[in-house]
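Taking it in order: structure first as structure tokens, then the write-up.
What follows is calculated from the coordinates using simple rules that are stated; it is not laboratory data. Since this is a predicted model, take the numbers as computed values, not measurements. Note that we place each Cβ from the backbone using ideal geometry, even for glycine, and neighbour counts take in every protein chain shown.
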Amino acid sequence: MNAVLRLDTVTRVHGQGATEVVALRQVSFAAHPGELVAIMGPSGSGKSTLLTLAGGLDQPTEGTVSVEGVDLAAVGNKGRARMRRTSIGYVFQDFNLIPALTAAENVALPRELDGERSRAARRVARAALEEVGIGELADRFPDEMSGGQQQRVAIARAIVGERRLILADEPTGALDTETGEDILALLRARCDAGAAGVMVTHEARHAAWADRVVFLRDGVVVDESGADPADVLLESRLG
Ligand code: ADP
Ligand code: MG
């Protein structure tokens, strides 16, 4: 099966000389349709770096990142921006909603930026809000919603328009446990519907929603093959 996301021997070096940090070292990784992959590892191990590279928000120092077969380095800033509006959904830990826009307007924004007419964009946005269970909140502003509701809006914005790659960096970080599980169920459902998902998490309980777990340490993938989420959960309980 063709991968939705592929990293091929990707290295990302920040800074130069004495302050040089190798955030990722020769990482190869793929995510396929229908698959939710959890990325785990200690703080500073390169998890966020991997996700921002996958989302075209940052460029590798070496190696290639491709989404749906498109090399992100080959399409330029404009091409990457376009892919972020159409192919790649990104869910941030702190929601990143625009306070002056309603839920529906926040979700519609990427499509309107892409030239879709407002009416059509809002209609698709409302459908995405329905899908994440908050259709009735479409006209509310972010500060009129709970954290869990805001994160649902952020997820709706990430999945709107059939995006095939959903990236989430600790999407439950700012939420209570129960709300966090609801958010993971949404990501899971979207992957079951055919998207590829990559989620950074530090909680084994959350990784249990994934099909497999990739462990990073010091910018290197240290374990991928044997990482069944159920084992991770067991280890965390034992440990
Ligand atoms: P994680 O998300 O696993 O905590 P990061 O990907 O954020 O790790 O960071 C990996 C390493 O790269 C860390 O040592 C971090 O300090 C460094 N790093 C990340 N972003 C930058 C940057 N913009 N400039 C310099 N160093 C950075
Ligand atoms: Mg991080």
Stokes-Einstein D for the range 78-212 (37 °C, 0.692 mPa s, Kirkwood Rh from Cα pairs), in µm²/s, comes to 224
Binned at 10 Å starting from 0, the alpha-carbon pair-distance distribution of the range 8-66 in whole percents comes out as 21, 55, 21, 3, 0
Express the Stokes-Einstein translational diffusion coefficient of the range 21-106 in µm² s⁻¹, to the nearest whole number, given a Kirkwood radius over alpha-carbon pairs, 37 °C and a viscosity of 0.692 mPa s. 223
Name the residue from 81, 46, 64 whose Cα lies farthest towards the positive end of the charge dipole of the range 21-97, charges +1 on Cβ of Lys and Arg and -1 on Cβ of Asp and Glu. 81
Stokes-Einstein diffusion coefficient for the range 74-139 at 4 °C in a medium of 1.567 mPa s, Rh from the Kirkwood formula over Cα pairs: what value in µm²/s? 102
The range 1-118, relative contact order in percent, only Cα pairs under 8 angstrom and at least six apart counted: 25
Return the tail of the calculated pair distribution for the range 1-150, meaning the percent of Cα-Cα pairs more than 20 Å apart. 58
The rounded separation in angstrom of the Cα centers of the range 156-179 and the range 92-135 is 14
DSSP loop GluC sites (Glu not before Pro) with at most 14 other Cβ within 10 Å excluded, longest remaining stretch of the chain: 21-161
So how strong a dipole does the chain carry about its Cα centre when Lys and Arg Cβ are +1 and Asp and Glu Cβ are -1, to the nearest 20 debye? 860
Go ahead and set up a Gaussian network model of the chain, Cα springs under 10 Å, then flag whichever of 129, 101, 51 fluctuates most. 101
